[in-house]
Structures are given as C-alpha cells and as structure tokens.
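**Student:** Quick one: this structure, given as structure tokens, is what I'll be asking you about.
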Amino acid sequence: MDNRDYARVLKEIAALMQIKGGNQFRIRAFENAARTIETQTESLEAIIDRGELTDLSGIGKGIARELQQMRQQGSCDLHRELLAELDPGLLTLMKIQGLGPKRIKAIYDELGIADPESLRQAAETHQIQQLSGFGKKTEEKIVSELDRLARNQGRIPLPRAQSIAGSLRDQLRELDSVDSIEIAGSLRRGRETIGDIDLLVATEDSEPVHQAFRSLVEVEEVLLSGDTKTSVRLHNGIQVDLRTVEPEIFGSALHYFTGSKEHHVALRTRAKRQGLKISEYGVFGEDESTPLASRSEQQLFDCLGLDYIPPELREGTDEIERAANARLPRLVEPGDIRGDLHMHTTETDGRATIEEMAHTAIERGYEFIAITDHSQAVRVANGMNAQRLGEQIKAIRRIDDACDELQILAGIEVDILKDGSLDMDHQLLAECDWVVASVHSHFGLSAEAMTERLVRAIESGLVCALGHPTGRILGGRDGYSYDFQTVFDCAAKHDVALEINGSTGRLDLNAELAAYAHQRGARLVIGSDAHSCRGLDDIHFGIQQARRAGLEAESILNCLSADRLLKTLKETRT
DNA sequence: GCCGTTTTCGGCCCGACTGTTTTCAGTCG
C-alpha cells in the first residue's frame, strides 16, 4: 500500500462515521490524519517501521494503532466494522452536492438506498419528497446533481481554471460598481487542480454586480443567489462562487475566501486563545462591533502578531507557527527569474523561430534563455539527429553573437532512452551550454528499472537538468514510478538540477516532490517548456508550484545572473 | 481522537444560504 491508500482508508472511516453519526471531533481527527499522510513525501510504511508514526501531527496512539494494523493485515478493524454496518456505496453518495451525512442516513434508513442508480429511481418516482425534512426542491436537485456527476467528473487543472477565472474577472471588472475584484480560493493558493472558482468583489452597491454575474453568457444555471453571495454553474460544468463585500473589509474577506479551510481552523483556534475572533468581517477583540483589522491581509496578519503568510503556504500545515517565529521562507517571485532554460522552436515542434523566442524573452526582461529542441527519438516532434543539432548550435551561436541584450544558450532536450543512455552524440552534448534530459517513452518500466535508467542518465556527466522529472500529465496519466530518494540524491551529488516544468499540462515536479528534492539537497530549475512565444508565460505556473514548495530564489538555478549561471555550469560539468 | 504560550482535561472556526419549517437544521466553503 502507498500513502494514498492509507489516507483513503482514514477518509472512508471519517465519512462512514459521519453517516453513522459519530463525534464530530473524532471524525475531524481522522480527516486531519488523512491529510497529514497525503502530504507526506516519505513512504508512510518506512515511518511505521521506524516506530515514528506519532511524531506526525494529527496522529496519536489511536490512529497509529489502526495504521499499524493496516500495515500488517492490509486493513483495520475499525474500517471493517464500519463497512459491515453500513453500505460502502454510501461513500459515493457523499459526492452529491446538497446531500450530507444526515440526509444520506435518512435515505438509507428509510428507503435502503446506497447507490446513485437507486437514488435516481427513488427521486424520479417521487419517493424522496415523502421523507420528513425533504421536499420537491431537494428531490429535483438530487436528479440534476446526479446528471452533472455522470457528465463531469473530478477537478480542473489549475491552468485551465486560471484562464476561465481570468476571463470572468476581466468582464466583471468593467462594471462601474466594482471597486476591486480578486480571484480567491484554491486557485489563488496555486493548488494544481481546482474544484470550483471563487471570485471576491469589493463594492458599495452589490446588487448590480450579482445581476451582471448571473447574466454572463458563460452561465448555464444559477445555483443560489443572496444579498452577498451568488453561485452559478457555467456551460463547461464548472461552479463559480461570487461574494461581494464592502471595501473596508476586502482584506479580511480575501483572506477568508482564499482559504484553506484547514488554515482558517488553525488560525482561528490560535486567535481564540488570544481572546480574538476572526471572520470574513475582520479580526475582533472584545468590542464585536468594530474590527481591529479588516482592510488588508497584511493588516490582519500584523494584528495577529504574524508575518505575512503568502497564499501558496496557507494549507494549515506549519505555516502559522513559522509566521509567529519569523521563520517563513522568502518565496521566489516572478521578478527573481532571470531566464528560461526550456523551450522549443520551429526546428522541432515549436511554432516560433529562435529569433522570435529571443525577441519575446527580451520583452520579458530576461537576461538569458536556452533553446532546447527535441532529439530524434521523439519522432512525432520531428526530433533532431546529430547533424541537425550541429547546425542548430551554429545557428544559435550566430544569433547570440548578433544579440547584445540577451544571452542565448545552445541547448537540447535530449531523450533518455529505455536503458538510460542519451539519444545524441556525446561530443555534441558536451558542446551544448545546457542539456535537459527527459523521458518520453517506456513509461511502464518497473520502479527499479526506471530508477536505474534515470541514475545512468544523471551519471553521464553531460546532463544539466532532468526535464519534467515524473512525466505526469495533469488529469491525464500518472507519473512513472521510481525511487525518488535515490534519484534526487544522485542528482544532488552530480549537480544535476531537477526541473519544475510549468507547461500547462504538466506542473512537474509538483510542489510536494519539489520540496522533497530541495530537502535532499538537489538544485531546482523552473522551465516553461514553451512551444510558442506565448508559451513562455507558462513559467508563471512553475513559479507558483515552487512557491507552494516553499522555495526561495537561492535554490533555483535560473534565478542566477547569466554570468554566474555559466560559471556554475562550467564548474559542475565534467 | 488529538492536543497543549489557560498541557493530562476540556475544548475543538465561523457565517451565508436554502428548504422546509413556523424558528431552524443541514450543507457548504
């Protein structure tokens, strides 16, 4: 079992206890423990075997016992008992919006229903509205929710959500009554997938804003609408929540709507101990009519005696404690990035020429770029053979010589073949200033074989960075499996950087693994993997994931000046 | 069930909206 399996069992226990009607705080304890395990990069089984389970926050004796039992037997008594008592199908009903544990329990007890299909039948034959506490509206909502679930599964990748949210924000910003508007929620925190989009508007006159929001052409259905809050579903199935507040409380409201839930629970618990109360309306002391802080997030954190916590770190892990002790990292910012070391041109599968990419890089204020087209193994991308690479190196040198404002490095994204050898003449690779090595084939190797494959590539002495190191596609395929510790340690030893690839489909490494790579002493590089001039913008997503990983500019190779970067590369490549 | 700047007991965030009620429970974020 891997960490996700352990976390899933704990979450199922929590959900089943909710339906059964257990102690709310006991239920939360199981949810918290599941979250701790999910965010753990080290294998939980290794931690169990060392006897260090209760060192993890949220895991005490009781939950540790269940986890140990799972390690030994593959399951635990508590989980088995709950499943024997309740139907496992109930867990799928928990995904239906508007149905919580109480209503599911009522439906189960009264009608014996524990799966979506029977629920649909019962709703369509109007058995649901007969139940006490249920009515016509609830019944209709259940049917439409079941339709939606059948159509539209799961969460949206961050980049897609960002583009949709940006367009909605820009439309609402045009309104006279909108003072300011921000995208909040998990999108602002940079979560790699998004459940729904949250928009926050500061206004003195909220009704026209809600009216305009409900009337946007993108909107399919209005789910709810009150004085301060409207929720809609767009034609593409995505839910968007709009909240309006007075400008005086925009800061505390923005903090509230940015989340996460866990961050709020932790922060409010701490504030309560200090005799303070936090809500979206501000921080309050004894006088509950006038907030001590509300206008800006900075003011709110100041008032609580905390350093400003960037949205990307607000996950309710240890950020509050670190903010209280002035120990938060100074996260890397877009302005720290001095160049981009992963991009493609018309020579292979890019849409812009070297000159066009260079021109855009200069507009972006970069000091350097590396051109890294594919090697021949990637046939679909028209990868280069040795002769073509030789010519491209010359072309890059020529353009670089004519360009004073930007240093253009000759590079390549060379394929790591099945056996770990590199798909290019070694002499030519040594001639390149910058070599990204990536896996584009044979994803299904065993973890042992994949580990050996990557280690061999790193040990070649020719590679500067490992490109999109897990190969995962967001919402598509999982990454290939290998021993992260071995590969990251090897990369650290040989001064090979690990890439945080910002390309919209990838975000690879993800934040958790990037943090782990850093912890193992490996250097990181943030790349856009641009296939067009506009693609260079995608570096933004890589930066955001680096921030979620808690990384500072010092840990990131392309935050060095061009001179220092070249000097470093010269020293480290053999 | 977990945890501790009120530490081994007693507390665990806070408010908006809806639907089904006649004052509020349930759900959501």
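**Student:** Using θ = phi - 60° and the Karplus curve 6.51 cos²θ - 1.76 cosθ + 1.60, what whole-Hz ³J(HN,Hα) does each residue of the stretch A:329-337 get, with Gly and Pro shown as x?
**Tutor:** Per-residue couplings from phi come out as x, 8, 4, 4, 10, x, x, 7, 7 Hz.
**Student:** Which of the lysines could a cross-linker span from A:K493 if the Cα-Cα distance has to be under 22 Å and same-chain partners fewer than 8 positions apart are dropped?
**Tutor:** Once the sequence-local lysines are set aside, what remains near A:K493 is A:K567, A:K570.
**Student:** Same structure again: In whole angstrom, how long is each semi-axis of the equivalent ellipsoid of the stretch A:390-516, when you take the square root of 5 times every eigenvalue of its Cα gyration tensor and sort them from largest down?
**Tutor:** 27, 17, 13
**Student:** Considering only the other residues whose Cβ falls under 10 Å of the Cβ of A:S252, what net charge follows from Lys and Arg at +1 and Asp and Glu at -1?
**Tutor:** Numbers: positive: A:R295; negative: A:E248, A:E280, A:E297.
Net local charge, A:S252 excluded: -2.
**Student:** Just name one of A:M343, A:L111, A:A522: the one whose Cα is farthest towards the positive end of the charge dipole of chain A (beta-carbon charges, Lys/Arg +1, Asp/Glu -1).
**Tutor:** So the residue furthest toward the plus end is A:L111.
**Student:** Same structure, new question: Quantify, in whole percent, the carbon and sulfur part of the accessible surface of the stretch A:250-324 (1.4 Å probe; protein heavy atoms only).
**Tutor:** Carbon plus sulfur share of accessible area: 49 percent.
**Student:** Next up: Show me, for the stretch A:258-265, the HN-Hα J-couplings you get by feeding each phi into the Karplus relation (A = 6.51, B = -1.76, C = 1.60, θ = phi - 60°), rounded to Hz, glycine and proline as x.
**Tutor:** So the Karplus estimates, Gly and Pro as x, are 7, x, 7, 3, 5, 4, 5, 4 Hz.
**Student:** Now a separate question. Using Cα-only point scatterers and the Debye equation, what is log10 of I(q)/I(0) for chain A at each q in 0.07 Å⁻¹, rounded to two decimals?
**Tutor:** -0.50
**Student:** Would you please give the residues with an amide H less than 5 Å from that of A:M384, counting only those at least 5 places away or on a separate chain, with H modeled from the backbone geometry?
**Tutor:** Residues meeting the criterion, in which the H sits 1.01 Å from N, are A:H374, A:S375, A:Q376.
**Student:** Can you tell me the dipole magnitude for chain A around its Cα centre, using point charges on the Cβ only (Lys, Arg +1; Asp, Glu -1), in Debye to the nearest 20? Show your work: numbers first, answer last.
**Tutor:** Values: 68 positive and 94 negative charges, 282 e Å.
Computed about the Cα centre, the dipole is about 1360 debye.
**Student:** Where only protein heavy atoms count, and the probe is 1.4 Å, what is the accessible area per residue for chain A in Å²?
**Tutor:** For chain A, the solvent-accessible area averages 46 Å² per residue.
**Student:** Let me ask something else. Could you derive backbone 3J(HN,Hα) for the stretch A:528-535 from the dihedral phi with the Karplus parameters 6.51, -1.76 and 1.60 (θ = phi - 60°), listing whole Hz in sequence and x where the residue is Gly or Pro?
**Tutor:** Per-residue couplings from phi come out as 8, 6, 5, 10, 6, 4, 5, x Hz.
**Student:** Right, something else. When DSSP beta bridges are limited to those with both residues in chain A, what percentage is antiparallel, rounded to the nearest 5?
**Tutor:** Around 45 percent of the beta bridges assigned by DSSP in chain A are antiparallel ones.
**Student:** Can you tell me the 0 to 90 degree angle between the C-alpha axis of helix A:539-548 and the longest principal axis of chain A, rounded to 10?
**Tutor:** 60 degrees
**Student:** Using a/c under 1.5 as the rounded threshold, could you call the stretch A:334-572 rounded, prolate or oblate? The axes a ≥ b ≥ c are square roots of the C-alpha gyration tensor eigenvalues, and prolate needs a/b larger than b/c, oblate otherwise.
**Tutor:** Cα axes put the stretch A:334-572 in the rounded bin.
**Student:** Same structure, new question: Roughly how many percent of the accessible protein surface of the stretch A:474-574 is carbon and sulfur, given a 1.4 Å probe and a whole-percent answer?
**Tutor:** C and S fraction of accessible area: 44 percent.
**Student:** Now for a separate question. Give the calculated FRET efficiency between A:E110 and A:E207 to the nearest 0.05, with a Förster radius of 30 Å applied to their Cβ-Cβ distance.
**Tutor:** 0.15
**Student:** Here is a follow-up. Across the Cα atoms of the stretch A:441-481, what radius of gyration and what greatest pairwise Cα-Cα distance (Dmax) are found, in Å?
**Tutor:** In order Rg, Dmax, the Cα atoms of the stretch A:441-481 give 11.1, 34 Å.
The values are calculated or read from the model by the stated rules, or taken from the named source; none is laboratory data. Just so you know, these numbers come straight off a predicted model, no measurement behind them. FYI the Cβ positions are ideal-geometry reconstructions off the backbone, even for glycines, and counts take in every protein chain you see. To get the accessible areas, we keep the full protein, side chains included, count just its heavy atoms, and leave off ligands, DNA and RNA. Shrake-Rupley method; radii C 1.70, N 1.55, O 1.52, S 1.80 Å.
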